[in-house]
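One structure below.
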Amino acid sequence: MRELLQLLWEPTLQTLAMVAVSVLISGVGGGVLGVLLVVTERGGLLPVVGLNRFLNILTNIGRSIPFIILMVAIIPFTRSVVGTSIGTTAAMVPLVVGAIPYVGRLVEGALREVNRGVIESILTMGATPFQVIRKAYLPEAIPGLIRALTVVTITLVSYSAMAGTVGGGGLGDLAIRYGYQGFRLDIMIATVVVLIVMIQGIQFLGDWLASHFERTERSSAFKTLPRPAWLKISPRYVHVVRWGTLGILLIAIFATGVHIRSGAIHKPLRVGVNPIPHGEILQQVMPILEKEGVHVQIIYFSDYIQPNLALAAGDIDANLFQHVPFMDRFNRDHKTDIIAIAKIHIEPLGLYPGRTKILSALRDGAIIAIPNDPVNSGRGLLLLQSAGLIQLRTGTNTNTTLEDISQNPKHLKISELEAAQLPRSLRDVDAAVINTNYALVAKLNPLKDAIYLENSASPYANVLSTVPSKANDPRVSALVKALQSSTARRFIEQKYQGAVLPAF
Amino acid sequence: MLEEISGSGPSELRAGEAQTPPAVLLENLTKRYRQDTTWSTVLLNVSLSVPQGTIQGVIGFSGAGKTTLLRCISRLELPDEGKVLIDGTDLARMNGTQLRSARQRLGVVFQQLHLFRSRTVAQNIALPLELAGARKKDIDERVLELLAWFGLEAKADSYPSQLSGGQQQRVAIARALATKPAVLLSDEPTSALDPETTASVLALLRRVRDELGVTILLITHELIAVRAICDRVAVLDQGVIVEEGSVEQVLLRPAHKTTQRLLGRNLGLEHLAEYLGGMTKNPASIFLEVQFVGESATRQVLSTLVRTFEITVNILRADIGELNRSAYGFLVVELGGTTETLEQSIGFLEAHGAIVTHIDPWSEAETEGSPA
């Protein structure tokens, strides 16, 4: 229970900070957009038909881009605004950008609900267009605006779940990392419960505020319903409510500011990881690093592109999630110079028995299945070569295809299958090359069941990577030492039972 | 204190009546709307001069162009041709800042009032002053003054939704008067109100004119409002003013067919033929509409008539009320007798100040049935 609360605390704060700040900024930005959409239209208060058309198209474009794509697409913009493309603060930028068109449309709708006659009546009093907006449109639309803001806030809570892509943390990310990827049902449920409580709270607050500003409306039936005393606010105290709300928002911003600043002052060594197993291994050696006086900040990524982009951009100092062939390909494609500095572990690729139960018993013309995606296909062929079954003319080059087989003494028939399908193919083939994650799903134990297994010499060992300028940082050296310590080895061997092997 | 509310008090009004320009002067106001490819003329050459301190009614059936007239005068619509002079300045020629400050000389009370639901009564009344950029102290002072004058002190902090229809009307009128306009434009002030509230709202409008000296232009389809408080009335029909004059003149001796129809409809004459049922026309009897105004309405003219002449009287319809603060009686009677006695009877009624009109209930019904 204690562990659970500790785990939940920080992500909850992160979610609150992300949502509070993005609601506030997108509320202002979207508010301006919504007002412009209404007043600039033909027959509106300040008709500028060209601008109106432009804003409409822009809003529609903004609303059509899926959030996850938007988040990655605007990374350069994010970096120029907040100085980094990763972390909670960086996640706020796409949240704001994504929410503004949405808020704009909702505000537009709320303003259109304002009685047209009310606008005309204030015009006959001699109001300027700005006064019409400030004294008629906005105050008369308050209940509708509050409802819109409630919808936006709740939407942003769910958008923020995707913040994990850029290492933003938050509750959604926690649920994905531990619950979905890590099979920790308890954490997933706890996270969802916290989210439900949060959403309920936001909806209740929104409804209450909206009904308060509704001024009991025309419905006389509602008027006769006695409202509890604490729900009644005399007009005298309306300003108290207003300033109170503003105060809460300011506190939220302040808290976020402190959160960001404190991060900036400490300047820890920032290490990007995939949560499992990389993050868990790093967690284990944190005490060792603390003892050495090295403060490490773990930044979780849920994809394979961002950790390298962030490393190349200097947003993080090192990452641990990839193997060298992947890194090489990335460097080539992205013109980066990321280097590997230490092998840490391997999720071994294994040859699992099908109709044939031992390696030496493979008959002439036996059928062997291997994965069909380019990376794992090459890796599978290398495994077969290392087992002495075939020879490749490309040697140990990882860019290998079926065409590269130079000697196949047993005339093995090698067929490529979708990686996830391989365990199921075992009954129909003599043996199959299977990735550990799929082997585990099929209840195969790499250590016990595989007839041949990759070892730490494999080029597919996961490595700690960094950029050349940081390779000699003593803190990085300490990190390598800790990750290759006997503590780490013991943890890997015990925790993963062969699914992950130490590669040092 | 109350005289100060308006720019010009009634006393100085009367003194300079001949010299002062009209509070509202409409000149050849024309407005056309485009419907697909054709243009329809909603107002055509509407001219109207409303002297200061007058309550001028504009009456017409729905679709006559009343709403467009209101929107052109308040400059929510730009007239295609003509002038709209309010207190001497032409709103139709103005734009921007000029128009905004000129609008403070014209208070508008809309049919649906359009009070701000997010503002209390006091805040609603303060709105025009805020827009004009008045100082807070002055606003508070003026709002208190108006709340007191309109008897709304107790409701100052209430929201419009918490008020009765009559109270909302008062707030709307108070708000329209906040900037001390010379002219109050009131659109259907009595529609959707019960008779009692109607009477009190009309009395209030009259007080506004009497005590604050505000000229009122009242646009309505209800004869009761015109009869009760208007000095003059214009009849609008299909975008044209077909008849204009003092209320007594227009209502008692309507010259135009539309005016007669308006009056007839109000009095229910179109149903007379139905009431008379299958009765065949008796050549020996005549149908008269008899109107009494002022002193004669209070005298028992009809009973004297019966006692004096050899005639039979059948009262088909009767109504008493008020016409611009005078007592007003209205009768529809069937008189039976000889040609001579009938002529004498009409002479007797007219000698006693009654306005007598011959009517034919059967043709009245036909007129109603024919397309307007």
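The values are calculated or read from the model by the stated rules, or taken from the named source; none is laboratory data. Predicted, not measured: the structure shown is a model, and the values here were computed from it. Cβ: placed from backbone, ideal geometry, glycine included. Neighbour counts: every protein chain shown. Keep in mind that these areas ignore ligands, DNA and RNA; they rest on the heavy atoms of the full protein, side chains included. Shrake-Rupley method; radii C 1.70, N 1.55, O 1.52, S 1.80 Å.
Tell me, what % of the accessible area of chain B is carbon and sulfur with a 1.4 angstrom probe? Taking all protein chains in place, chain B shows 49 percent carbon and sulfur surface.
Stokes-Einstein diffusion for chain B at 37 °C, viscosity 0.692 mPa s, with a Kirkwood radius from C-alpha pairs, works out to 145 µm²/s. Chain B contacts chain A over a buried accessible area of about 2400 Å², both sides summed; the probe is 1.4 Å and only protein chains count.
Its Cα gyration tensor gives chain A an equivalent ellipsoid; the semi-axes, largest first and in whole Å, are 56, 25, 22.
For chain A, the fraction of 1.4 Å probe accessible surface lying on carbon and sulfur atoms is 62 percent. Under the criterion of Cα pairs below 8 Å and six or more residues apart, the relative contact order for chain B equals 18 percent.
Could you name the aspartates and glutamates in cross-link range of B:LYS155, using Cα to Cα under 17 Å and dropping any fewer than eight places away on the same chain? B:LYS155 reaches A:GLU217, B:ASP140, B:GLU141, B:GLU145. Taking 7 Å steps out from each Cα toward its Cβ at B:THR41 and A:SER477 produces label points 10.0 nm apart.
For region B:291-339, chymotrypsin sites (Phe, Trp or Tyr not before Pro) meeting the loop criterion (DSSP other than H, G, I, E, B) and having at most 10 other Cβ atoms within 10 Å: none.
Taken residue by residue and averaged, Cβ atoms of other chains lying within 10 Å of the Cβ of B:101-114 number 3. Residue by residue along A:132-142, Cβ atoms of other protein chains within 10 Å of the local Cβ number 2 on average.
Think of it as helices only: each DSSP H run of n ≥ 4 in chain B is worth -39500 (n - 2.57), and spread over all residues that comes to -11000 deg cm²/dmol at 222 nm. If R0 is 45 Å, the Cβ-Cβ spacing of A:GLU292 and A:ARG355 corresponds to a FRET efficiency of close to 0.30.
What the Cβ-Cβ distance of B:THR20 and B:ASP194 gives, at R0 = 35 Å and to the nearest 0.05, is a FRET efficiency of 0.40. Electrostatic bookkeeping for A:LEU8 treats Lys and Arg as +1 and Asp and Glu as -1; over the other residues with beta carbon under 15 Å from its beta carbon, the sum is -1.
Quick one: work out the % antiparallel among DSSP beta bridges in chain A, nearest 5. If I count the DSSP bridges inside chain A, around 55 percent turn out antiparallel. For B:ASP90 and B:GLU350, the difference between the fully extended length at 0.36 nm per residue and the C-alpha to C-alpha distance is 89.0 nm.
Taking 16 Å as the cut-off, the amide N atoms of region B:26-53 that come nearer than this to a point 7 Å along the Cα-to-beta-carbon line of B:ASP80 belong to B:28-47. Placing a pseudo-label 7 Å from each Cα along the Cα-to-Cβ vector at B:SER326 and A:VAL28 gives an inter-label distance of 6.9 nm. Once the partner protein chains are put back, region A:79-125 shows a loss of at least 10 square angstrom of accessible area, versus the chain by itself, at A:ASN115, A:GLY117, A:VAL118, A:GLU120, A:SER121, A:ILE122, A:LEU123, A:THR124, A:MET125 (probe 1.4 Å, ligands and nucleic acids excluded). Positive-end ranking of A:SER415, A:VAL72, A:GLN284 along the dipole of the protein assembly as shown, with charges on Cβ about the Cα centre, is headed by A:GLN284. Taking every protein chain into account, the accessible area of chain B amounts to 45 square angstrom per residue (probe 1.4 Å).
With every protein chain left in place, what is the accessible area of A:ASP473 in Å² (1.4 Å probe, nearest 10)? The value for A:ASP473 is about 40 Å².
Dipole of the protein assembly as shown computed with +1 at Lys/Arg Cβ and -1 at Asp/Glu Cβ about the Cα centre; of B:SER186, A:GLY365, B:LEU99, farthest Cα towards the positive end is A:GLY365.
Remark: mean inter-chain Cβ contacts per residue of B:125-135 equal 3, using a 10 Å Cβ-Cβ cutoff to other protein chain atoms.
Dipole of the protein assembly as shown computed with +1 at Lys/Arg Cβ and -1 at Asp/Glu Cβ about the Cα centre; of A:VAL28, A:MET327, A:PRO468, farthest Cα towards the positive end is A:PRO468.
Largest accessible area first, the residues A:GLU493, B:GLU196 order themselves as B:GLU196, A:GLU493 under a 1.4 Å probe with ligands, DNA and RNA left out.
Run the paramagnetic zone check for A:THR128: 7 angstrom along Cα to Cβ, then residues of region B:118-133 with backbone nitrogen under 18 Å. Within reach of a label on A:THR128: B:127-133.
If the chain linking A:GLN421 and A:ASP333 were pulled fully straight, counting 0.36 nm for each residue of separation and taking away their Cα-Cα distance, it would gain 28.7 nm. In region B:163-192, the residues that give up 20 Å² or more of accessible area when the other protein chains are added, compared with the chain on its own (1.4 Å probe), are B:ARG175. Per-residue ellipticity at 222 nm from helix content only, as computed over chain A with -39500 (n - 2.57) for each DSSP H run of at least four residues, stands at -17000 deg cm²/dmol.
Ranked from largest to smallest solvent-accessible area, with a 1.4 Å probe on the protein heavy atoms, B:LYS66, A:LYS291 come out as A:LYS291, B:LYS66. Here is the list for region A:29-82: trypsin sites (Lys or Arg not before Pro) lying in DSSP coil, each with at most 15 other C-beta atoms within 10 angstrom of its C-beta, are A:ARG42. Multiplying the residue separation of A:ILE65 and A:ARG489 by 0.36 nm and subtracting their alpha-carbon distance yields 148.2 nm. Here the dipole of chain B is about 1420 debye; that uses its Cα centre as origin and unit charges on the Cβ of Lys and Arg (positive) and Asp and Glu (negative).
Just to confirm my numbers, what's the Cα centroid distance between region A:60-96 and region B:191-250 in Å? Region A:60-96 and region B:191-250 have Cα centres spaced 63 Å from each other. With the simple spin-label model, which puts each label point 7 Å out from Cα in the Cβ direction, the A:THR401 to B:GLN112 separation comes to 7.1 nm.
In terms of distances greater than 30 angstrom between alpha carbons, the cross-link table entries A:LYS335/A:LYS413; B:LYS31/B:LYS257; A:LYS135/B:LYS137; A:LYS343/A:LYS448 yield A:LYS335/A:LYS413. Relative to the Cα centre, the charge distribution of the protein assembly as shown, modelled as +1 at Lys and Arg Cβ and -1 at Asp and Glu Cβ, gives a dipole magnitude of about 3860 debye. Accessible surface area normalised per residue over chain A is 48 Å², counting heavy atoms of protein chains with a 1.4 Å rolling probe.
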